[in-house]
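Right, one structure below, let's go through it.
The values are calculated or read from the model by the stated rules, or taken from the named source; none is laboratory data. Only a predicted model underlies this, so the values are computations on that prediction, with no experimental measurement involved. Neighbour counts are summed over all protein chains in view; Cβ atoms, including those assigned to glycine, are modelled from backbone coordinates with ideal geometry. Ligands, DNA and RNA are stripped out before the accessible areas are found, and what is left, the full protein with its side chains, is counted by its heavy atoms. Shrake-Rupley method; radii C 1.70, N 1.55, O 1.52, S 1.80 Å.
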Amino acid sequence: MVPLLCLWLVTLNEKTASLPVPMRNSASDDNINMAAPVALHLEFGGGAELLFDGVKEHHVTLPDQLDPWDMKQLLVWIKENLLKERPELFVQGDTVRPGILVLINDADWELMGELQYELQDKDNIVFISTLHGG
Amino acid sequence: MCQVDEEYNVHLENKVTPSVSKKCVKCKENTAVLIIRAGDAFCSCCFKEYFIHKFRAMLGKNRVIFPGEKVLLAVSGGPASSSMLSQVQEGLSRDAPKKLRFVPGIIYVDEGGVSGQSMEERKRAVSQLESVFRATDYPYYIVQLEQVFSLPSSVLDVGSSATKNPQNGSSYKAAVDQFIQTSQNQHPDLSVKNALSQLSSLSMHEAQTGGSSPIPPGQTEALQRLFASVRTLTAKQDLLQTLRHHLILHTARTERYSKVMMGDSCSRLAVKLLSNISLGRGASLAADTGFSDSRYGDVVIVRPMRDYSSKEIAYYNRMFDIASVFIPSLDTKAQDKASIQRLTESFVTKLQTDFPSTVSTIYRTSEKLHTACPPQNTNTQTSDKCLLCTCTLDTKTEFSAFQATLISEQLSQRRGPGANVRQGQCCSAEGHCGSGENGCCPSAKVPGPLDLKSMLCYSCRLTIKDMTAVDTLPQYIVSEAEQRNRRSQMREEISEFLLEEEEDEAQSF
């Protein structure tokens, strides 16, 4: 089980390494409080999972970056890495499609600062579609 | 204009500012977990109380469901109806004073044959739902949409309304008192339990015979042919809703349920209100979106979830682990502009994100709507009701814009305009016909292709217009149409010997 998990993490890192996310060279940067990798538990429900091959739960690790990850960047990351089809049915503009609810650690994201919320390690993010037919 | 724009911008910016770690507005102690209306933040404890109270208050306020009455819950597996099921369970399990006292049953209509699901997918969804239903111990009925092909045409009849008058508050009170007395005389609380246990034992039997009944061969194909003959998604969704209602109504009648609960949330109803106006269903708007809908006479549809927004429901289901089963429907993964219903939904939800009072404003409007004629006209002839949606026909008024459109449409069509116009007049004003216009009536006697249109309301006409062929319609609709046609023909034939009511009154003066 454990080697399997490691293998999965490695493949995930390989995938994410080729991302167009702005990554500065950490060695040359003297900023010491560089954000550690953020591991997240993402859930999709109410039909939103159909856009992700029907997979409801995703455990992902976001790649290192200098600035802390916020929800806005997460949405871009999801759009580029997880979404399988019809991105316009999940993301519109730089926020989620109206009618899709977002919960951060089981609380309304409107209480958490919505797009400005800074993601912490082991956060649980849930997307629930309330639209008819998902 | 500029000022207005500026005001909106300020408003929007204000809304975006984060409000981290707010306290609950009710208990003012716990940290809030969700915002319901603009600015109202609740903690999960207070939210649960608020949610449960709302359901009870909705039923208490309207006083439509009598104690001991059989109520059929229409559960689609979606969040709203699943939540409704859990609320009914909650209400029935309560202690004496606040207990709900009706006898519930569940119906699920399996529409997988329309949305192109495979047999395996449908079976999986049904078994998921069955496990939810079994946990409730209520009787349940699993009905495939294919069964519309074996419905009797009596479904389209309007039943005579129940003997009790639901509007009367005092009779409701009397009924409640009587119910409490009888249950006390027997044994506290045992009567409902007995009834329930009897019903559930019945249901196990039924579930084994009815629930897993195989679909007769060819019916899935017939269903697919029917929906393939409909050109637009708008009409498909409309037709599907009509057929679904017929099936639920039929089950309610055969199993002797006098109420059907639908799980429409207020977000859903706001969308329904606007899309129904666009679909030309304005005349039956009050019945389509109100709390209770008595168009079928003997079976009344109630919508107890109409005070909840879809957000509240989604949060409640998430927080308190209410199981719901996602089943793809016709409009799953469809574009915004795929159908009128879909477009209206995206319009309302988009507006709602920027202006959080959108849904409640539309919904409050729907509360104030009433039909012009009082609802007790269930005694009117079935020929005055739409063949498909059973609403009162809105096409028989003589001087409406609709009649003008019809006439201009017929005039613009070159082929034999004269006969058509006359026939149209004949249907729209039977009074003139009876007074002996000989040029008119014979044309109606000629047995030609079935004239469905004259039996439909404006909106259902539009739906049928979008079909390439009407012969794919289920038999019960066609045979009922033929019967109504025969009846109206016979009426015309003997019309010379009928005394007209208006003349009669005039003579008596």
- Message: For the range B:248-322, what are Rg and Dmax over the alpha carbons, in angstrom?
- Response: 14.2, 40
- Message: Please list, in order along the range B:479-493, the HN-Hα scalar couplings obtained from phi with the Karplus expression 6.51 cos²θ - 1.76 cosθ + 1.60 (θ = phi - 60°), rounded to whole Hz, x for Gly and Pro.
- Response: 5, 5, 4, 4, 5, 5, 4, 4, 4, 5, 5, 5, 4, 5, 4
- Item | Amide H within-cut-off set for B:VAL260, under 5 Å, with H built and near neighbours excluded | B:LEU72, B:VAL300, B:ILE301, B:VAL302
- Note on the structure: Partner lysines whose C-alpha sits under 19 Å from that of B:LYS453, ignoring same-chain residues fewer than 8 away, are B:LYS236, B:LYS385, B:LYS396, B:LYS445, B:LYS465
- Task: Partner chain Cβ atoms within 10 Å, averaged over the residues of A:120-129 - can you pull that number for me?
- Result: 1
- Can you pull the percent of the range A:36-129's accessible area that's carbon plus sulfur, 1.4 Å probe, other chains left in place? 48
- Pull up the cross-link candidates among the lysines for A:LYS84, meaning alpha carbon to alpha carbon under 20 Å and not fewer than 8 places away within one chain. A:LYS15, A:LYS56, A:LYS72, B:LYS333
- Cα convex hull of the range B:30-169: mean projected area in nm², to one decimal? 12.7
- Task: Determine, from the Cβ-Cβ distance of A:HIS58 and B:GLU49 and an R0 of 30 Å, the FRET efficiency 1/(1 + (r/R0)^6), rounded to the nearest 0.05.
- Result: 0.35
- So the FRET efficiency between B:SER278 and B:SER400, C-beta based with R0 = 25 Å and rounded to 0.05, is 0.90
- Item | Buried accessible area, chains B and A (both chains, 1.4 Å probe, Å² to nearest 100) | 2700
- Item | Per-residue SASA entry for B:MET305, accessible area with 1.4 Å probe, Å² rounded to 10 | 0
- Running Debye on the range A:36-129 with equal point scatterers at the Cα sites and no solvent, what base-10 log of I(q)/I(0) appears at q = 0.15 Å⁻¹? -0.51
